[in-house]
Amino acid sequence: MSKGRLVAVCGVLTALAAVLSAVERLFPLPMPGLKLGLAGIVTMIALLSLGRLPALCIVICRCLLGAVLGGGITGLFFSMTGGLLSFGVMILLLHVRPISLWGVSMAGAAAHNTGQVLAAVFLLNSTAPLGYLPVFLLLSIPTGLLTAALASAVNGRLRRITKV
Amino acid sequence: MLNKIKIGDVVTVAVILLAAALLWLLWRPGGTVSGAVLSVMGEKTEISLNGLSGETVTRTVIGKDGLILKLEMHGNAVRICESQCPDQVCVRTGWLSRAGATAVCVPAEVILELKGGEEPDALSG
């Protein structure tokens, strides 16, 4: 892939991630603080089709954009902690043979939610937010499955574009 | 295009479920309520809930960045009923009626926690 094409694809994916985060904010789930972590789909796609470095850049740009688009500094802290932790877990697990995309994605979602709760623990200097973690962890299973299904579907189509 | 499920995926699910179950057991709200603790930007205040059985009492709290929150107390239950924060997580938490239950507002740095009578919560404190 040429450099220009790589940058263009990164830009499209970053925009997609920012839109997904914004859409997510419009549909708060009934449980407090819960977010679907839809932006994880983009992280997954980027990891599969572009590699680690572009994927990391997309995660960081998405978090910065999210802060500008209304998340603020607190939001930035939350999304960065969640985003980077889940990114780290995903690149580690992608190399573990007995784990498929499903497991990687679920672990990524769990890491994302854990990261956000830990950010809240740090920010509030209280262990109270840990009480939310069990529900967050349980929900990371369906979220992770959804992410894996969507990411692999999109990845197949994206390959046709990026390989030209 | 979808991958086959491997053994590691099952292990991942098991680990997540186990972690959730352990945390849930450790942080499970329960026991009798002795009072509430309100923490605003790290500053803690005790709220007595005695003798409030019939009436509903409200209280206004000013959190970080001047965000105003309204607390409501009724019987042995408390809730954050209004907040100027953008995400409204604390409001959606609803009524807290069991010891150990918490409502957290991150933008305003406000934590509302119900304290238990007998069993002190070893881990949160």
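The values are calculated or read from the model by the stated rules, or taken from the named source; none is laboratory data. If you're wondering where the values come from, they're calculated on a predicted model, not measured in any experiment. Neighbour counts are summed over all protein chains in view; Cβ atoms, including those assigned to glycine, are modelled from backbone coordinates with ideal geometry.
For the reader, a short list of remarks on this structure follows.
- Scanning the stretch A:121-157 for residues that are over 21 Å from B:GLY8 (Cβ atoms) and touching a residue at least 60 places away in the same chain (Cβ under 8 Å) yields A:TYR132, A:VAL135, A:PHE136, A:VAL154.
- For the residues B:ARG92, B:ARG59, the requirement of being surrounded by 15 or more Cβ atoms within 10 Å (Cβ to Cβ) and within 18 Å of the chain's Cα centre (by Cα) singles out B:ARG92.
- For A:LEU145: the one exception among (1) surrounded by fewer than 23 Cβ atoms within 10 Å (Cβ to Cβ); (2) aliphatic (A, V, I, L, M); (3) in contact with a Leu (Cβ under 7 Å, 6 or more places away or on another chain); (4) at pLDDT 90 or above: (3)
- In the stretch A:62-73 there is no residue that is farther than 25 Å from B:ASP65 by Cα, basic (Lys, Arg) and either within 8 Å of chain B (Cβ to nearest Cβ) or over 11 Å from the mean Cα position of the chain (by Cα) (or both).
- Residues satisfying the stated conditions in the stretch A:56-76, i.e. at pLDDT below 85 and surrounded by 19 or more Cβ atoms within 10 Å (Cβ to Cβ): A:GLY66, A:GLY71, A:THR74, A:GLY75
- Verdict on B:SER34 being of a type outside the set (D, E, K, R), outside any loop (DSSP other than H, G, I, E, B) and modelled with pLDDT under 85: yes
- Number of positions in the stretch B:83-122 that are under 13 Å from B:LEU38 (Cβ atoms) and modelled with pLDDT of 85 or more: 13
- B:ALA99 in contact (Cβ under 8 Å) with a residue 24 or more places away in the chain, surrounded by 18 or more Cβ atoms within 10 Å (Cβ to Cβ) and not in a loop (DSSP other than H, G, I, E, B): no
- Within the stretch A:50-66, the residues that satisfy the criterion of being of a type outside the set (Val, Ile, Thr) and under 14 Å from A:ALA39 (Cα atoms) are A:ALA55, A:LEU56, A:CYS57, A:CYS61, A:ARG62, A:CYS63, A:LEU64, A:LEU65, A:GLY66.
- Filtering the stretch A:51-73 to residues that are over 27 Å from B:LYS64 (Cα atoms) and either assigned to a helix (DSSP H, G or I) or of a type in the set (Ser, Thr, Tyr) (or both) leaves A:ARG52, A:LEU53, A:PRO54, A:ALA55, A:LEU56, A:CYS57, A:ILE58, A:VAL59, A:CYS61.
- Residue in the stretch A:118-130 that is closer than 26 Å to B:CYS90 by Cβ, of a type in the set (Gly, Ala, Ser), touching a Ser or Thr at 6+ places or on another chain (Cβ under 7 Å) and within 8 Å of chain B (Cβ to nearest Cβ) present: yes
- Just one of (1) out of contact with any Asp or Glu (no Cβ under 7 Å at 6 or more places or on another chain); (2) at pLDDT 90 or above fails for B:VAL57. It is (2).
- Total residues in the stretch A:114-138, condition more than 14 Å from A:SER86 (Cβ to Cβ) and part of a helix (DSSP H, G or I): 14
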